[in-house]
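No lab work stands behind these numbers, since they all come straight from the coordinates. Please read these numbers as outputs of a predicted model, since none were measured by experiment. Backbone-built Cβ (ideal geometry, glycine too); neighbour counts: all protein chains shown.
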Amino acid sequence: MGANRTTRIQKRRIFPLPVRLYLVQSGRVARTPHFNLTEVKDVAASPDAILLSKTRARVFFATPRLAAEAAIRMLRELTESAFVETKFQNPDICDVYAYQATPPITAMVAGAEMACRAWYVKFTLLPEHVLLVSFHPLEQPIRTARGKKVTP
Amino acid sequence: MKKLRCAQCGKGTIRPVASPGRREWYKTMEVEVPADFAIPTCDRCGEEWLSVRQSQALDGVLETGYTAELVRLASQQLAKLAGAAVEQKRIEHLLGLSQGYLSHVKAGRHAPSPMLVAELVLLAKDPERRLKELEAFWKRRAA
């Protein structure tokens, strides 16, 4: 019952900030990622471990190599403070982060190169792989679990 | 690579697929992926998953295809311009290229830049008018 309630709350991010902060403080939404970030980084250290999806990651870069390099950098620099939420993407569990790249990473948006600072990251962890389901410039403002607003 | 479940659709299995007709965006255009290059692909939704090592390998084969395509496009545009009785050295002069450069491009000895291909495409659309515009532009700068 409790778990179902949490799931429902996590899926519907419709609450205004004070309510969401209350939900976070009362433990109804996860404040910490589902996957331990250190573990994710350990798995991602192998060159064959990170798998990038084409439609939600690779297409946002001029070449596959640039996409891979950006993914390595992002996973190296990612911190728990950028964690947004855990999503239940049937049947997988994915952690979502709002990654802020300094210096910005060049992305291909609508056929043009753009230096993008804010990135949407969604991944799931398997025993030997990090499946990067989404890695693209942030499309709309997003708030981290700690309450920081990140804008595109 | 072990068989993995696709995280995009949650149902399919990711298996290496090598087939003709796949295209990948590379720098300025879509380039055909060689038929024998295996890409881990979901057997249900078709999502392609590449590791870092595979991305680097794909980059290598796409660069070859990209360069070949640039040479082909440049030669095609130069043939159009030649068909319109435009002298190659006149184009080279107006585009600030060294004399004979376009012959090297046509012969495949030099890989043209995408910018040069784009310029040739624009010139070949309406050669006389575009070349006159360019000549007038450079003359104005000189005056």
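Descriptive notes on the structure:
- If only residues of region B:79-88 that are part of a helix (DSSP H, G or I) and loosely packed, with under 14 Cβ neighbours inside 10 Å are counted, the one that is nearest to the chain's Cα centre (by Cα) is B:79.
- Residue tally, condition within 14 Å of chain A (Cβ to nearest Cβ), charged (D, E, K, R) and within 24 Å of residue A:108 (Cα to Cα), over region B:16-44: 5
- Figure legend. Inter-residue proximity from region B:126-139: first residues farther than 17 Å from residue B:83 by Cα, second residues surrounded by 13 or more Cβ atoms within 10 Å (Cβ to Cβ), beta-carbon distance below 6 Å, spacing 6+ or different chains. Indicated pairs: B:134/B:94.
- Residue B:62 more than 9 Å from chain A (Cβ to nearest Cβ), of a type in the set (A, V, I, L, M, F, W, C) and in a helix (DSSP H, G or I): no
- Of all residues in region A:49-75, those being in contact (Cβ under 8 Å) with a residue 40 or more places away in the chain and at the interface with chain B (Cβ under 8 Å from one of its Cβ atoms) number 10.
- Among the candidates A:142, A:93, the residue that is touching a residue at least 24 places away in the same chain (Cβ under 8 Å), among the β-branched types (Val, Ile, Thr) and either touching a Cys at 6+ places or on another chain (Cβ under 6 Å) or more than 14 Å from chain B (Cβ to nearest Cβ) (or both) is uniquely A:142.
- Taken over region B:5-21, the criterion of being of a type outside the set (Ser, Thr, Tyr), in contact (Cβ under 8 Å) with a residue 24 or more places away in the chain and out of contact with any Gly (no Cβ under 6 Å at 6 or more places or on another chain) is satisfied by B:8, B:9, B:11, B:12, B:14, B:15, B:16, B:17.
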